[in-house]
Structures are given as structure tokens and as C-alpha cells.
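Structure first, then comments.
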Amino acid sequence: MLKRKTSKKRGFSLNDMPTLQVNKKAKLQKHDAQSFFQDFDKVGTALLESLIQNDTEAFIEILDAYLKVNRTKIAKKAKMSRSTVQQALSRKGNPTLRTIARIVHESVA
């Protein structure tokens with residue numbers, strides 16, 4: 001009789017995560033993502049920091065969120081097809097630096 005292999009990897013559940021208490025003296029600020037992505041300086045700083053940290057996934061996510069407003073408009077300005085922009089910013093995409101540079105340049109111009 002064949003033996004079955006069982007996975008020793010635990011499943012992920014939010015119920016297993018510990019609950020953290022926030023210090024009552026801590027001053028929490030509300031974060032508005034829409035206003036963050038409208039401030040080009042903040043977005044530029046976040047993009048640069050992700051490159052410094054060698055976090056390409058964060059770079060793509062930040063750029064994707066920034067450009068979600070109107071990809072068609074940016075694609076036309078960059079003289080690229082919308083599908084090229086979409087593919088470059090997808091998780092499976094592997095854009096060249098030249099493609100990313102064109103997208104970024106046209107999005108701030």
C-alpha cells in the first residue's frame with residue numbers, strides 16, 4: 001500500500017494572528033490614499049525609496065496605483081498600446097526599463 005504524503009505547511013488564517021494594542025498616547029493620523037497619489041512629490045519619493053530598497057514589486061504597485069486614473073490617456077501620450085501599459089504593470093509582466101521610463105515620463109509630463 002502506498003503511503004500518502006501530507007503537507008507540514010500550516011494554513012494561513014487571520015484568526016491565528018495576534019491582536020496588538022495601540023498605545024493610547026500615540027497620535028494616529030487618517031490616511032487618504034487618493035490624496036497621497038495626487039501629490040507627485042510623495043509618489044516620487046515612494047518610487048525612489050522602493051528602488052533604493054530593491055523592492056521592484058513595491059515600485060510596480062505604487063506606479064500602478066498612481067496610473068490607475070487613466071491608463072488609456074497615458075498610453076496615448078507614451079505612444080504605446082493600452083495593453084502594453086496594462087501588461088507592464090501586471091504581476092506577471094516583466095517590463096523593460098525603457099518601457100517603465102516612457103510610462104513614468106509621460107505620466108508626469
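Quick look at the values:
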{"quantity": "Checking ALA101 against (1) exposed (fewer than 12 other Cβ atoms within 10 Å of the Cβ); (2) at pLDDT 80 or above; (3) within 23 Å of LEU51 (Cα to Cα), the condition it does not meet", "calculated": "(1)"}
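Yes or no, residue by residue, for (1) within 17 Å of GLN86 (Cβ to Cβ); (2) not in a loop (DSSP other than H, G, I, E, B); (3) not hydroxyl-bearing (Ser, Thr, Tyr):
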{"residue": "HIS31", "(1), (2), (3)": "no, no, yes"}
{"residue": "PHE37", "(1), (2), (3)": "no, yes, yes"}
{"residue": "ASP41", "(1), (2), (3)": "no, yes, yes"}
{"residue": "GLY44", "(1), (2), (3)": "no, yes, yes"}
{"residue": "GLU49", "(1), (2), (3)": "no, yes, yes"}
{"residue": "PHE59", "(1), (2), (3)": "yes, yes, yes"}
{"residue": "ILE62", "(1), (2), (3)": "yes, yes, yes"}
{"residue": "ALA65", "(1), (2), (3)": "yes, yes, yes"}
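The values are calculated or read from the model by the stated rules, or taken from the named source; none is laboratory data. From a predicted model like this one, the values you see are computed outputs, not experimental measurements. Positions of Cβ are backbone-derived with ideal geometry, glycine not excepted, and every protein chain shown enters the neighbour counts.
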